[in-house]
Amino acid sequence: MVVAFLVLLTGCADTKPKFNQYSPLPSKDTKDAPLREADVVKVAFPGAQNLDTVQTIRRDGKITLPVVGEVVAAGKTPSDLQKDLVKLYANELVSSKDISVTVQASSFPVYVTGAVLKPGKLLSDGPLTALDAIMESGGPDYLRANLKAVRIIRSQDNRTKNFTINLKGLTSGASIDVFYLQPNDIIYIPEKITWF
């Protein structure tokens, strides 16, 4: 009876996938990385510099360019967007073969929730580990946080994947799991089970 109650309280933790290998470090090369919402791109027209523009990709994934209007940028690499723009501007009075697209700033959101001091959304402009994100959120609430079962929830290929990492060594000085986050990851720090 007590065992069944414990399994019910822990949410059948044994059935959840465990994270048993390190998440690879994200590539720092933004040349081939797909563009995302909030990335800042520069579109340059060497033959018509009056058309040069710096744009932030909007929530709808688009940017607005002179002459052609709205263009979808999110999900494309800078080189793919450049090819699309060459085609779009081919009928205009612009030397379209010289168009260049460069990323000026790139950031991505992650979310931290559960037993942390300041839960919410974080924006990162470079590689970010789960521990980094937790510390940016004010750190764990050490009285409530169950650092042995920190969960990373990731949406990928129209599915949700869960990874469980152990950050218990944070308080004892032992080594802890290094897990690099991806855009829109959710970090959930569960609370300890307390008996009254």
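A few remarks follow.
- A Cβ distance below 9 Å, combined with a sequence gap of six or more or placement on separate chains, defines the contacts here; from the range 58-70, residues that are on the phi > 0 side of the Ramachandran plot and of a type outside the set (Gly, Ala, Ser) reach residues that are modelled with pLDDT under 90 and open to solvent by less than 60 Å² (accessible area, probe 1.4 Å) in the pairs Val67/Leu51; Val67/Tyr89; Val67/Val94.
- Test result for Leu122, hydrophobic (A, V, I, L, M, F, W, C) and farther than 18 Å from Ala74 by Cα: yes
- Residues of the range 60-113 classified as farther than 17 Å from Asn50 by Cβ and aromatic (Phe, Trp, Tyr), total: 2
- Only listed residue being at pLDDT below 90 and out of contact with any Phe, Trp or Tyr (no Cβ under 8 Å at 6 or more places or on another chain), chosen from Ala149, Ala105, Ala145, Ala115: Ala105
- Among the candidates Thr129, Thr160, Thr171, residue that is within 27 Å of Asp39 (Cβ to Cβ) and exposed (fewer than 13 other Cβ atoms within 10 Å of the Cβ): Thr160
- Listed by first and then second residue, the pairs with beta-carbon distance under 7 Å, at least 6 apart or on different chains, first residue in the range 112-141 and touching a residue at least 12 places away in the same chain (Cβ under 8 Å), second in a helix (DSSP H, G or I) and open to solvent by 20 Å² or more (accessible area, probe 1.4 Å), are Leu122/Glu136.
- Selection count where residues are small (Gly, Ala, Ser) and either over 16 Å from the mean Cα position of the chain (by Cα) or more than 30 Å from Val86 (Cβ to Cβ) (or both), scope the range 96-125: 6
- Complete set of residues in the range 174-191 that are open to solvent by 80 Å² or more (accessible area, probe 1.4 Å) and within 17 Å of Pro119 (Cα to Cα): Asn184, Glu191
- Among residues of the range 42-53, those that are part of a loop (DSSP other than H, G, I, E, B) and open to solvent by 50 Å² or more (accessible area, probe 1.4 Å), counted: 3
- Annotation: of all residues in the range 54-81 being closer than 19 Å to Ser107 by Cα, of a type in the set (S, T, N, Q) and assigned to a strand (DSSP E or B), the one that is least open to solvent (accessible area, probe 1.4 Å) is Gln55.
The values are calculated or read from the model by the stated rules, or taken from the named source; none is laboratory data. The shown structure was predicted, so the numbers you read here are calculated from the model rather than taken from an experiment. Here Cβ is always computed from backbone atoms with ideal geometry, including for glycine, and neighbour counts include all displayed protein chains. When the accessible area is computed, the model is the full protein with side chains, heavy atoms only, and any ligands, DNA or RNA have been set aside. Shrake-Rupley method; radii C 1.70, N 1.55, O 1.52, S 1.80 Å.
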